[in-house]
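Heads up, the thing below is written out as structure tokens.
Readers should treat all values here as calculations from the given coordinates under stated rules, not as data from a laboratory. All values reported here derive from a predicted model rather than from experimental measurement. Here the Cβ is made from the backbone with ideal geometry for all residues, glycine too, and neighbour counts use every protein chain on show.
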Amino acid sequence: MDKKVIDVLELRRTAKEVKRHVILMRILALLVIILVLIIAVAYAISYFYDKFGSFTVKVSKYDMVHQGLTLSETPEFDKATAVLNANIVYDMTNISGNDLPDNIDKINGSHNGPNYIAYTFYLINSGDDTLTYTGEMSIENVTKDVDEAIRVAVYKNGEKTVYGKTKSNGGGKESDCDSEFLSSSLVMRTSTEGFESNKKDKYTVVIWLEGNDPDCLDNIIGGTLKLSMNFKITEST
């Protein structure tokens, strides 16, 4: 074959290879950009919930899969899950606990007011064994000492208990509270024995900023709080 023809063919092949290389590099660059965007969005979501998330409920995934301990927003058990998230209230201002609705524990799921968080959920034994479980509510994140004036009401099967932080002067619980926080990072603890198959425990959690608390001052404005409630099985029969 003529040398000039060979040179032309090789040139065409080289041009095609360069074009393929350019296209490949553009695709790789696009994939890198997409990956960076996905990571950025995931980080933003994580940061958002760490900073502003209000209330999360969890059960151990092991307990859910192997023992049937699960969560639901409805007693009909329409959708079982190991994690529930309450809706967020922005720019919450202080109120009196006496102003909360009387039927606040009668509504399922998130039913926030302008200045309080209210969330009702069900802990369900969908397995075959009789269980004993414990639940703990923890403070995962707090800023500007807003927890000094926070109140948490927990209704368990209709029985209400109001929790608040120990008085800042160390003088015990506030007058509107039934119990003090167990520690600086632990709000309360509950347990149930003899939790039989198909039984349900109903919980309503209400969170507000108590305006009558002496520590409800201007310096806590803009503070944030994130709480979580975690359940786990301690015995199975």
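How high is the FRET efficiency between Asn169 and Asn85 when r is their beta carbon distance and R₀ equals 30 Å, given to the nearest 0.05?
Values: r = 35 Å, r/R0 = 1.18.
Using R0 = 30 Å, I get an efficiency of 0.25.
Over the chain, what is the relative contact order in whole percent, taking alpha-carbon pairs under 8 Å and six or more residues apart? Working shown, then result.
Numbers: 459 pairs, mean separation 62.0, N = 237.
So the answer I get is 26 percent.
Beyond 15 Å, what share of the Cα-Cα pairs of the stretch 157-216 remains, rounded to the nearest whole percent?
Details: 1051 of 1770 pairs.
For the stretch 157-216, the share of Cα pairs beyond 15 Å comes to 59 percent.
Note down the nm distance, to one decimal, between modelled labels 7 Å out along Cα→Cβ at Ser183 and at Leu217.
Calculated label separation equals 2.7 nm.
As a quick test, which of the pairs Lys61/Lys160; Lys144/Lys200; Lys79/Lys165; Lys144/Lys173; Lys79/Lys173 have an alpha carbon distance above 32 angstrom in this structure? Please list the in-between numbers first.
Values: Lys61/Lys160 28 Å; Lys144/Lys200 37 Å; Lys79/Lys165 35 Å; Lys144/Lys173 21 Å; Lys79/Lys173 39 Å.
Beyond 32 Å between Cα atoms: Lys144/Lys200; Lys79/Lys165; Lys79/Lys173.
Can you give me the pair-distance distribution of the stretch 53-236, C-alpha pairs, 10 Å bins, whole percents?
9, 38, 34, 15, 3, 0
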